[in-house]
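Please read the structure below before turning to the comments.
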């Protein structure tokens, strides 16, 4: 009888020890999966036109001390979620949005991100408009591409670097918009 109690206590202690070592590892693995999923969502959003539109609107409203108010209400539930997520991110804190995004050109400076976001959004809009109007693909013929400085501020530093980031992202956005890969590119 004493042997069975000792055996049961030993088994119980072993089970507690295994649980103590396995549970933190499972929690860490789950946390890593959550972080990977969040990063994948951010990467998807970088090319999602509705998210980018929301991000731009949110940043503009915050910069102009406007109330938090969604400007668009897309009919598609996925588009609405993407727009609202982008708007919330942009409105919440422009600096955090710049730190969390890595621009279309792969550079991670906050000013490059502004240039890339603006260029991608402008290119997407112009590409979509050209496609809808039945025009040929002509990304580099648009004034917005030629100027390449929308959103530039002298505090950003080198204007030529800003223009280069803007133009590179503009072409990527234009191709997505022109080829009809806007918000469905997930």
Inset, instruction - Scan region 75-89 for residues that are touching a helix residue (DSSP H, G or I) at 6+ places or on another chain (Cβ under 9 Å) and either free of Cβ contacts under 8 Å to residues at least 40 places away in the same chain or assigned by TED's automatic domain parsing to the domain that holds residue 151 (or both) and jot them down. - result: 80, 81, 83, 84, 87, 88, 89
Legend entry - The one condition in (1) in a helix (DSSP H, G or I); (2) modelled with pLDDT under 90 that residue 106 fails to fulfil: (1)
Inset, instruction - Run down 135, 163 and say which single residue is part of a helix (DSSP H, G or I) and not assigned by TED's automatic domain parsing to the domain that holds residue 53. - result: 163
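The values are calculated or read from the model by the stated rules, or taken from the named source; none is laboratory data. Everything numeric here is computed off the predicted structure, so don't read it as measured data. Because the Cβ atoms are built from the backbone with ideal geometry, glycine has one as well, and the counts that use them run over all protein chains shown.
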